[in-house]
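**Q** Following this message is one structure expressed as structure tokens.
The values are calculated or read from the model by the stated rules, or taken from the named source; none is laboratory data. Everything quoted here is computed from the prediction, not taken from an experiment. In this analysis, Cβ positions are derived from the backbone assuming ideal geometry, glycine residues included, and neighbour counts consider all displayed protein chains.
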Amino acid sequence: MATKGLTAEQAKLRAERNFAKTEQRRQEAENAMAAVQAERRAVAEKTARLRALRLAKEAADAQTAAEQLAAKPVATKKPAARRTVGKASAAR
């Protein structure tokens, strides 16, 4: 036994100290887990906010591009003048 040579009072004090240490570690672990979870929530909320902003910007950019495309007049090409190869060239 680890309490060999200890009085009952000393063994009790040792057990209480060990319990207090274990309890303190448990409390610290809970606090650390709460901090990690809070950080994860904050990152998830920030990611969701930034994603919403990005999607809104992409939608606005797409709408602006569509409006600019619709407002741009359609240029029609003039038919190119035809060259006549043959009689005109041979006459020279």
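**Q** Counting only residues that are of a type in the set (D, E, K, R) and modelled with pLDDT under 95, how many does region 41-68 have?
**A** First, pick out the residues of region 41-68 that are of a type in the set (D, E, K, R): 41, 45-46, 49, 51, 54, 57-58, 61, 67.
Okay, now just the ones that are also modelled with pLDDT under 95, so 67.
Qualifying residue count for the region: 1.
**Q** Might you let me know whether region 48-58 holds any residue that is in a helix (DSSP H, G or I), exposed (fewer than 10 other Cβ atoms within 10 Å of the Cβ) and either at negative phi or aliphatic (A, V, I, L, M) (or both)?
**A** Among the residues of region 48-58, not one is in a helix (DSSP H, G or I), exposed (fewer than 10 other Cβ atoms within 10 Å of the Cβ) and either at negative phi or aliphatic (A, V, I, L, M) (or both), which makes the answer no.
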